[in-house]
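S.K.: Shown below is the structure under consideration.
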Amino acid sequence: MDRTVEILGVPMDLGADRRGVDMGPSAIRYGGLSDELDAIDQATADSGDVTVPRPESGDPDAGDTLGGKAKYLDETRTVCKRVAERVRKAHEAGRFPLVLGGDHSIAIGTANGSTRDQSTGIIWFDAHADLNTPETTPSGNIHGMPLGAILGRGPFDGKEWAHCPNVDPSNVAMVGLRSVDEGEQKYIQDSAIHAYSMSDIDEHGITTVTQNALDAVLDDIDQLYVSFDMDFLDPDEAPGVGTPVRGGISYREGHAALELVYREAAEILCALDMVEVNPILDRQNRTAELACELAASALGKRIL
Ligand SMILES: NC(=[NH2+])NCCC[C@H](N)C(=O)O
Ligand SMILES: [Mn+2]
Ligand SMILES: [Mn+2]
């Protein structure tokens, strides 16, 4: 793409039970992200990391919980506002933000920094729906809530740091689902959001499903934001993630999905995040290296 890609790390692990995803941005950089992007002549600028409070310095259950269960909500709000601010500045400078996680709660920041005044579609590649709220969450972990927050579900409604009014559920598609909680299932049934599970991928193949997801959201939007949770992939391929779920996407399917996103929507892509890399659970940085390769596919890398 013509725009310079601005790499922004968010060493955040307050939204997940398992520690370690805070080291994701380092592992992805170490895994060769800028080399991968150099190789496709993609200009990059690394603007370092957003400051994130350490879990040791806070109490998960202290402070605001939006009337339900939401661990480290105050800290998460602070981090997401910082991410949004940095992402907004990247847009103002004409750059394309590539946000490295960190747990998936940081997507609240990417979305809020990207959708101020443009109607935005989202493709959410993930084993999970991440549609929970403090009222529906089984865990209290905010990385299970970012899409719920962005869509203003339940107590997130109208919260300025979280809810993105320029994202309509009918312009959001989730791809790769295989672990969905009861409250999430209800929202999927009752709202206009598009949901594609692993069963859909079994039946139709990743290319058709990704194309359907794109067709479903590309109507009437100015721009497209892609959020990529590494647990979309099968744990055999991506063992270094916080919440692995068997039965996921293969190596080639991962690339095929993102190559298609680039082919169909490069012009209107506005931001990408690569999240949930947990180096502690990884095997010789394989998951982080895969995240680098996949980011390159999303940004235009081709085999031939
Ligand atoms: N971004 C993720 N890996 N999310 C996992 C969420 C797991 C579960 N649905 C929860 O809400 O706790
Ligand atoms: Mn997930
Ligand atoms: Mn996720």
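S.K.: Using each residue's phi in the stretch 41-55, evaluate 6.51 cos²θ - 1.76 cosθ + 1.60 at θ = phi - 60° and report the 3J(HN,Hα) Karplus result to the nearest Hz, with x for Gly and Pro.
M.R.: 6, 8, 5, 10, 9, 9, 9, x, 10, 7, 6, 10, x, 7, x
S.K.: Checking the cross-link filter: which lysines have an alpha carbon closer than 30 Å to that of Lys159, excluding same-chain neighbours under 8 positions apart?
M.R.: Output for Lys159: Lys69, Lys71, Lys81, Lys89, Lys186.
S.K.: Turning to a different aspect of this structure: Under a GNM of the chain (C-alpha, springs under 10 Å), which listed residue has the highest mean-square fluctuation: Gly102, Gly158, Gly140?
M.R.: In this elastic network of the chain, the residue with the biggest mean-square fluctuation among Gly102, Gly158, Gly140 is Gly158.
S.K.: Right, another one. Suppose every K and R has +1 on its Cβ and every D and E has -1 on its Cβ; what is the size of the dipole of the chain about the Cα centre, in Debye to the nearest 20?
M.R.: 480
S.K.: If amide H atoms are built 1.01 Å from N in the plane of the peptide, which residues on other chains or at least 5 residues away come under 5 Å of the amide H of Ala271?
M.R.: The answer is Val226.
S.K.: Return the ratio Rg/(2.2 N^0.38 Å) for the stretch 259-304, where Rg is computed over Cα atoms only.
M.R.: That works out to 1.33 for the stretch 259-304.
S.K.: Shifting gears a bit: What percentage of the solvent-accessible surface of the chain, computed with a 1.4 Å probe over protein heavy atoms, is contributed by carbon and sulfur atoms?
M.R.: 44
S.K.: Computed from the mean reciprocal separation of all distinct C-alpha pairs, what Kirkwood hydrodynamic radius does the chain have, in Å?
M.R.: Roughly 18.5 Å, rounded to one decimal.
S.K.: Quick one: among Tyr30, Tyr72, Tyr225, which has the greatest mean-square fluctuation in a GNM of the chain with alpha-carbon springs under 10 angstrom?
M.R.: Tyr30
S.K.: What residues have an amide H closer than 5 Å to that of Asp46, excluding those fewer than 5 places away on the same chain, when H is modeled at 1.01 Å from N in the peptide plane?
M.R.: So Asp46 has HN proximity to Ile7.
S.K.: Something else now. Name the most mobile residue of Val172, Val50, Val277, meaning the one with the largest mean-square fluctuation, in a Gaussian network model of the chain with Cα contacts below 10 Å.
M.R.: Between Val172, Val50, Val277, it is Val50 that shows the largest mean-square fluctuation.
S.K.: State the answer as a single residue: which of Thr208, Val172, Thr78 lies farthest towards the positive end of the charge dipole of the chain, with beta carbon charges of +1 for Lys and Arg and -1 for Asp and Glu, about the Cα centre.
M.R.: Thr78
S.K.: Output ³J(HN,Hα) for the stretch 264-271: one whole-Hz value per residue in order, computed from phi by the Karplus curve 6.51 cos²θ - 1.76 cosθ + 1.60 with θ = phi - 60°, and x for Gly and Pro.
M.R.: Each residue of the stretch 264-271 in turn: 8, 9, 3, 4, 10, 5, 10, 6 Hz.
The values are calculated or read from the model by the stated rules, or taken from the named source; none is laboratory data. Model, not experiment: these values are computed from the prediction. Here the Cβ is made from the backbone with ideal geometry for all residues, glycine too, and neighbour counts use every protein chain on show. Surface accessibility is based on the protein's heavy atoms, side chains included, excluding ligands, DNA and RNA. Shrake-Rupley method; radii C 1.70, N 1.55, O 1.52, S 1.80 Å.
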